[in-house]
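Okay, so here's the structure we're looking at.
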Amino acid sequence: MTKNIYEIKNKYGKAYKVQIRHKGYKPVYKTFKDSDPKKALKEAKIWADDVELAMRKGTYKEFADNDYNIEFISELINYYDIEVARFKYAHYEKYKVMFEWWKNQIGHIRVKELTASQLTICKNILKNEKIKKKSGEVLRSPNTVNKYLMCLSAVLTYAVNELELIEINPMSKVALMDKPNGRTRFGSTEEMDALKNECKNYSDMIYLFYALLFKTGGRFNEVRHLQVKDIDKENNRVYFLDTKNHTHRSVYTGADVMKLLTDYMKNHNIESGYIFKSDRNGVELAYIKGAMEECIKNAGLKNFHIHDIRHTFASKMAEEGASLLEIAEVLGQKSLTVARLYSHLTRKHTEQLVASVMDKYEF
């Protein structure tokens, strides 16, 4: 038997969510709201004690029409967060911010009363709402807006297919934003050297992180989630497991980066678990994004994102004669669509290859 009471905060005030699990019963959830938060908490505790006692006695009766006792959107999101998201997604923590945003916007709406027009209003808020970054206040990109929409759509699809709370996902009627053309910002040799020096001066952790990004072309979260078990020292390779495309791949690092990696692990007594652990407790992942963005800024790189290190890696491959198929394979792309961003860089090598073959045949 486990019994938990969570405090839920949004712009409408406080509420308390009760979660009870007992062998032989489905998980039970119920949210308590009141203008007086103390009263809501008291009611939550009383209800939880009554349900717990009934389950222990074997007299508790489960709901027939809604086994999960989910009425409001906030309850649905909390249920999906606890029971599904953390097991379904490899990098589950990045969804927490989106879950909280949706709960603040529409958490008070009943699941069965949610409409596409309400979601369209939320979409417009996402488009026009400014968010704080180190560089100042900026608007969300179309890709980010789409991520928020798809995040809630997954929750609502689960409510349709698994929980059978509603018949139609209202998000299916809301159009995603048009995606802009893919970024093709590549760092020059001088820019990459400047960024390398800034990362080296910042800390050994950030220097290693940059080296892995630059030499493997890995995505930010792929590198950040590397574990000791993913390192192949003998062959100078790292393994990216359960990636964004739900695939596994190994990438060559080179002896230099592997030495950096093994020295870092030795100096920080890292024998298992994550490579980039937080200094606070040695278990949680370190916060690296802010440090990398600071290094990019100090290096004087304009209009350059962390992800552009991956673009730069791919551009170097293309310049050295790698085919689009080879680039896509190393990047872990399922199709050639993204790799085509580098087609103009591979064209020269392809023309030279064709010429070297066909010039042997004269007409």
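Full extension of the segment from Asn235 to Ser172, taken as 0.36 nm per residue of separation minus the current Cα-Cα distance, would add 18.0 nm.
Expressed in units of 2.2 N^0.38 Å, where N is the residue count, the Cα radius of gyration of segment 15-137 is 1.28.
Here, segment 202-292 has an Rg and a Dmax of 12.2, 33 Å when only alpha carbons are counted.
Relative contact order of segment 207-246: 28 percent, from C-alpha pairs under 8 Å at least 6 residues apart in sequence. Cβ-to-Cβ counts within 10 Å put Met1, Met55 in ascending order as Met1, Met55, the fewest first.
Counting charges near Ala194 (Lys, Arg +1; Asp, Glu -1) among other residues having Cβ under 13 Å from its Cβ returns a value of 0. Taking the Cα centre of segment 108-233 as origin and assigning +1 to Lys and Arg Cβ atoms and -1 to Asp and Glu Cβ atoms, the resulting dipole is close to 280 debye. The Cα atoms of segment 148-222 cover 56, 28, 19 Å along the three principal axes, with the biggest extent listed first. The spacing between segment 1-61 and segment 181-251, judged by their C-alpha centroids, is 44 Å.
Pairs to check: Lys26/Lys244; Lys88/Lys147; Lys26/Lys94; Lys200/Lys266; Lys3/Lys42; Lys17/Lys39. Give those whose C-alpha atoms are more than 21 Å from each other in this structure. Correct reply: Lys26/Lys244; Lys26/Lys94. Cross-link reach is defined here as a Cα-Cα straight distance under 13 Å, omitting same-chain residues fewer than 8 places apart; for Lys259 the aspartates and glutamates meeting it are Asp204, Asp232, Glu234.
Nearest 0.05, what FRET efficiency do Ser272 and Glu319 give at R0 = 35 Å with Cβ-Cβ as r? Efficiency computed from Cβ-Cβ geometry: 0.35. Net charge in the neighbourhood of Asn4 (other residues with Cβ under 15 Å of its Cβ; Lys, Arg +1, Asp, Glu -1) is 0.
Between the beta carbons of His108 and His305, assuming R0 = 45 Å, the FRET efficiency works out to 0.80 to the nearest 0.05.
FRET efficiency for the pair Lys45 and Tyr92, taken as 1/(1 + (r/R0)^6) with r the Cβ-Cβ distance and R0 = 35 Å, rounds to 0.75. Near Leu285, the amide H atoms lying under 5 Å from its own belong to Ser278; only residues 5 or more places off or on other chains count, and H is placed 1.01 Å from N.
Over 22 Å between Cα atoms, which of Lys229/Lys277; Lys33/Lys127; Lys277/Lys297; Lys9/Lys173 qualify?
On the way: Lys229/Lys277 14 Å; Lys33/Lys127 31 Å; Lys277/Lys297 24 Å; Lys9/Lys173 29 Å.
Violating the 22 Å Cα-Cα cut-off are Lys33/Lys127; Lys277/Lys297; Lys9/Lys173.
Working from label points 7 Å from Cα in the Cα-to-Cβ sense, the Thr59 to Thr157 distance is 4.4 nm.
With no solvent and one equal point scatterer per Cα, compute the Debye intensity ratio I(q)/I(0) for segment 72-180 at 0.17 Å⁻¹ and report its log10, rounded to two decimals. The computed values of log10 I(q)/I(0) come out as -0.81.
All of the numbers you see were taken from the coordinates with simple rules; none came from a lab. Given the structure is predicted, the values throughout are model-derived calculations rather than measurements. Quick reminder, even Gly has a Cβ in these numbers, built from the backbone with ideal geometry, and neighbours come from all protein chains shown.
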